[in-house]
Amino acid sequence: MWDEAGGSVTLLCLTASSGVPLYCRSRGGSSKQQLPFSVIGSLNGVHMFGSNLDVLLTAACTENTRVVWKVFHNSITLIVLSSDEGASDFSLGRLLENVFSAMVLVLGLEELVNARNIERLKKDLKACYKLIDSFLEPGKCSADLTQCVECTVVPSRAILQECLEVFASAAESRFGSLLVGGQVLCATEQWWQLAASEAMLLVWLVRSLPPHTSRDLPVYLPHGSPTVPHRFLTLQLVPGLEVLLLCGPKPSLQFLADELVKRFWQPLLDLLKASARAPPRCLPPGIALAPGILGLLLINQDQRKSLFTVQPQGTSAEGSEMPLKNRLSALRSFYSLTVSLYFPCEKFEESAVPLQEEFQAGFSHRPQHCYLVYSTYKAYAIHGKRHQLFLIVKPDVPTFALRSLATSTLQTLTAEDSAF
């Protein structure tokens, strides 16, 4: 289609009715070069041509590029082109969902759906660029794929949970969480009542911004409040650990920082510092996993939260079997493949087209286990009533032992005392 280096991603945003380009964002390859208008017009034109014939074009693939289209609220068309080796229709579809949600989070749905001045909309959308660009970067976690909040577990979580509840109440907020290293350490009960993609997006927003002692941002909740903004407050308690709140007009950020933070969090300063220094393992304390496990993703389907790590044995046990970058790519790819083919159990939008429809129709039952075997690793997944577990393990683990290994790991991670 055009000269493009490997591993690049290009995102196009256009008005659905007229096809006017609103922005183009890229990563990798010749990422700073704008796509020719003729290419943009062709990509949008073939999609509109199909729509006029009642044909919905969702994805296409060339020799080295995959293209996915999606229209939101009959107003905004997003198109993504990716030459990443691990890109799939599922992962790129999730990317487009996340990008549109990011646009709603910053600008609100009304401005996107009922835009009267296209030039002004283009200018306003620049406020979303940093958040949008963060979704185009190579995945370093699983939240953008699962649309679940990634969590971490530390021994002092119960004490911090109690303090958070009291602090949020004093701040006249029901929605609060503690964030350490980009992962949720604990949260109020109402925080988990947010739509999973909303909670994920709020955490992602904080991760995309440069470190700051405090923030007071207006945000729209894409599902809960797409037209009325809320105040999103963040306060750094110690380096690497922040408290997040969704509030109304009161209290002021200064009152929170000067009064409430000192009153509730100052006595726990040593505990907060210890939690911020915790190794990037995210697993419940005292959990010992089989040495053959290279990475895991555990999803609590009720609360839509997850545990994700490619260092299950700790930072000192990286070993030479498989670099961390490869583990990350393998686990993300395995999740995308498994959910799109074998576990099509997630609640898709009514207007969404089921992925791999013909393949799924061939099953007379709903699969609960699946595994893959490669030369460099093996992978196993379990779909239970409440949890999903995705494992990648060393290639020397016997294939016949994968099921028992995965089952025992799931039981260990979801034991009553693990609180997950």
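The values are calculated or read from the model by the stated rules, or taken from the named source; none is laboratory data. Please read all numbers here as calculations on a predicted model, not as lab measurements. Heads up, the Cβs are rebuilt from the backbone with ideal geometry, glycines too, and the neighbour counts pull from every protein chain shown. Note: areas computed on protein heavy atoms with side chains; ligands, DNA, RNA excluded. Shrake-Rupley method; radii C 1.70, N 1.55, O 1.52, S 1.80 Å.
When you look at residue 187, is it among the aliphatic types (A, V, I, L, M), over 30 Å from residue 89 (Cβ atoms), open to solvent by 10 Å² or more (accessible area, probe 1.4 Å) and over 16 Å from the mean Cα position of the chain (by Cα), yes or no? When the stated conditions are applied, residue 187 does not pass them.
Please verify whether residue 182 is within 12 Å of the chain's Cα centre (by Cα), open to solvent by 20 Å² or more (accessible area, probe 1.4 Å), farther than 27 Å from residue 20 by Cβ and of a type outside the set (Phe, Trp, Tyr), treating the condition exactly as stated.
Spelling it out, it is not the case that residue 182 is within 12 Å of the chain's Cα centre (by Cα), open to solvent by 20 Å² or more (accessible area, probe 1.4 Å), farther than 27 Å from residue 20 by Cβ and of a type outside the set (Phe, Trp, Tyr).
Considering the range 199-218, and only residues there that are farther than 17 Å from residue 248 by Cα and either free of Cβ contacts under 8 Å to residues at least 40 places away in the same chain or not in a helix (DSSP H, G or I) (or both), the residue that is most open to solvent (accessible area, probe 1.4 Å) turns out to be 211. Looking only at the range 157-179, filter to residues that are open to solvent by less than 10 Å² (accessible area, probe 1.4 Å) and either part of a helix (DSSP H, G or I) or of a type in the set (Lys, Arg) (or both); which one of those is nearest to residue 225 (Cα to Cα)? For the range 157-179, the residue satisfying everything is 168.
Scanning the range 396-414 for residues that are in contact (Cβ under 8 Å) with a residue 40 or more places away in the chain and not in a helix (DSSP H, G or I) yields 396, 397, 414.
Within the range 274-305, take every residue that is hydrophobic (A, V, I, L, M, F, W, C), assigned to a loop (DSSP other than H, G, I, E, B) and touching a helix residue (DSSP H, G or I) at 6+ places or on another chain (Cβ under 9 Å) and give me the one that is nearest to residue 193 (Cα to Cα).
Checked the range 274-305; the qualifying residue nearest to residue 193 (Cα to Cα) is 283.
Tell me which residues, restricted to the range 82-99, are touching a helix residue (DSSP H, G or I) at 6+ places or on another chain (Cβ under 8 Å) and more than 18 Å from residue 333 (Cβ to Cβ). Selection gives 97, 99. The listed residues are 228, 166, 206, and the only one of them that is more than 19 Å from residue 104 (Cα to Cα) and of a type in the set (Val, Ile, Thr) turns out to be 166. Sort out which residues of the range 115-132 are without any contact (Cβ under 8 Å) to a residue 24 or more places away in the chain and either polar (S, T, N, Q) or open to solvent by less than 10 Å² (accessible area, probe 1.4 Å) (or both), and write them in order of number. Across the range 115-132, the qualifying residue is only 117.
Between 83, 101, the distinction of being modelled with pLDDT of 90 or more and either within 25 Å of residue 147 (Cβ to Cβ) or among the charged types (D, E, K, R) (or both) belongs to 101 only.
Filter the range 238-272 down to residues that are part of a helix (DSSP H, G or I) and of a type in the set (Asp, Glu) and give me whichever is most open to solvent (accessible area, probe 1.4 Å).
270
The one condition from (1) modelled with pLDDT of 95 or more; (2) open to solvent by less than 50 Å² (accessible area, probe 1.4 Å); (3) out of contact with any strand residue (DSSP E or B) (no Cβ under 8 Å at 6 or more places or on another chain) that residue 390 does not meet is (3).
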